[in-house]
1. Could you check the range 93-106 and list, in sequence order, the residues that are surrounded by 22 or more Cβ atoms within 10 Å (Cβ to Cβ) and either assigned to a loop (DSSP other than H, G, I, E, B) or within 12 Å of the chain's Cα centre (by Cα) (or both)?
2. Only strands (runs of 3 or more DSSP E) wholly contained in the range 1-89 count here; list those with 2 or more residues that are within 22 Å of S157 (Cα to Cα).
3. It is to be established whether one or more residues within the range 143-158 are of a type in the set (A, V, I, L, M, F, W, C) and not in a helix (DSSP H, G or I).
4. Can you pull out the residues in the range 67-77 that are over 18 Å from G41 (Cβ atoms) and not acidic (D, E)?
5. Consider I102 carefully, then state whether it is in contact (Cβ under 8 Å) with a residue 12 or more places away in the chain, in contact with a helix residue (DSSP H, G or I) (Cβ under 8 Å, 6 or more places away or on another chain) and within 16 Å of ligand 2 (Cβ to nearest atom).
6. Going through H92, H99 one at a time, which residue ends up being within 16 Å of ligand 1 (Cβ to nearest atom) and touching an Asp or Glu at 6+ places or on another chain (Cβ under 9 Å)?
7. Pick from the range 173-188 the residues that are outside any helix (DSSP H, G or I) and over 17 Å from I161 (Cβ atoms): which of them is most open to solvent (accessible area, probe 1.4 Å)?
8. Take the range 107-145 and flag every residue that is without any contact (Cβ under 8 Å) to a residue 40 or more places away in the chain and either farther than 21 Å from D65 by Cβ or under 11 Å from the mean Cα position of the chain (by Cα) (or both).
Amino acid sequence: MKVEIIKDILAANDAIAEENRRLFKENGALVLNLMSSPGAGKTTLLEKSISVLKGRVNIGVIEGDIQTELDATRISKEGVEVVQINTGSACHLDSNMIHQAIEKLDLSNIDLLFMENVGNLVCPAEFRIGEDMKIMISSITEGDDKPLKYPLMFRESQVLIINKIDLLPYCDCDLKRLKENSLKINSNLNIFEISCKTESGLDSWYNWLVKKVEENKK
Ligand code: MG
Ligand code: ZN
């Protein structure tokens, strides 16, 4: 019985996610769903990426948080369109929340839409919200065993960004093992090793983003 109820919820979510996707496609927006645990660096990576790319790419952001507008306020300082969703108690974004948020955005003017999910390593991976790709951020301070403990997040993602590599000398995280564990769960993962602090590795991430936006326009 319980399983049936969960299936119904996911089916209803998927139907609205398809509608979101249709709207994104119609408007030629590439949509990336950013997922990670709290504090892995989603918002900081967005701030950096937007500040470098905003002259070249039209960017919009949907911010998901249980409470506060802190992240939307940070992003709005970069001068791009941003909508904050406060989920109240929900620990993930769902397609209906996104559907309401996109009514507040001028999609025709957005080529790249980031959706920053609620910081959580479990259910964001279960809910499609209309994205082209899921992007997972895992930071060095979280250790190298997270792909094995939270496999669905890594399995559902097309890209893994390993952040805070400047902290490697101070942490017990084994970078090689983190990558091996991730690829064990999902051998197709495209992996970037970055530090938002030192800006190491960010150029290849920016180049990848621009390439994907251009491909999406064709
Ligand atoms: Mg954030
Ligand atoms: Zn949840």
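The values are calculated or read from the model by the stated rules, or taken from the named source; none is laboratory data. Treat the numbers as computed from the prediction; the structure is a model and nothing was measured. Please note: Cβ atoms are built from the backbone with ideal geometry, for glycine as well, and neighbour counts cover all protein chains shown. Quick note on the areas: whole protein, heavy atoms, side chains included, nothing else; ligands and nucleic acids left out. Shrake-Rupley method; radii C 1.70, N 1.55, O 1.52, S 1.80 Å.
1. L93, D94, listed by residue number.
2. Working: elements: 30-36, 59-65, 81-86.
Here the list reads 30-36, 59-65.
3. Residues of the range 143-158 of a type in the set (A, V, I, L, M, F, W, C): 148, 152-154.
Okay, now just the ones that are also not in a helix (DSSP H, G or I), so none.
Within the range 143-158, not a single residue is of a type in the set (A, V, I, L, M, F, W, C) and not in a helix (DSSP H, G or I).
4. Taking the range 67-77 first, the residues over 18 Å from G41 (Cβ atoms) are 67, 69, 76.
Answer for the range 67-77, where residues must be over 18 Å from G41 (Cβ atoms) and not acidic (D, E): Q67, S76.
5. On the way: in contact (Cβ under 8 Å) with a residue 12 or more places away in the chain: yes; in contact with a helix residue (DSSP H, G or I) (Cβ under 8 Å, 6 or more places away or on another chain): yes; within 16 Å of ligand 2 (Cβ to nearest atom): no.
Taking the combined requirement at face value, the residue does not satisfy it.
6. Details: H99 fails: within 16 Å of ligand 1 (Cβ to nearest atom).
When all the criteria are applied, what remains is H92.
7. Within the range 173-188, the subset outside any helix (DSSP H, G or I) is 173-174, 186-188.
Narrowing further to those that are over 17 Å from I161 (Cβ atoms): 174, 187.
On the way: D174: 56, S187: 92 Å².
It comes out as S187.
8. Matches in the range 107-145: I140, G143, D144, D145.
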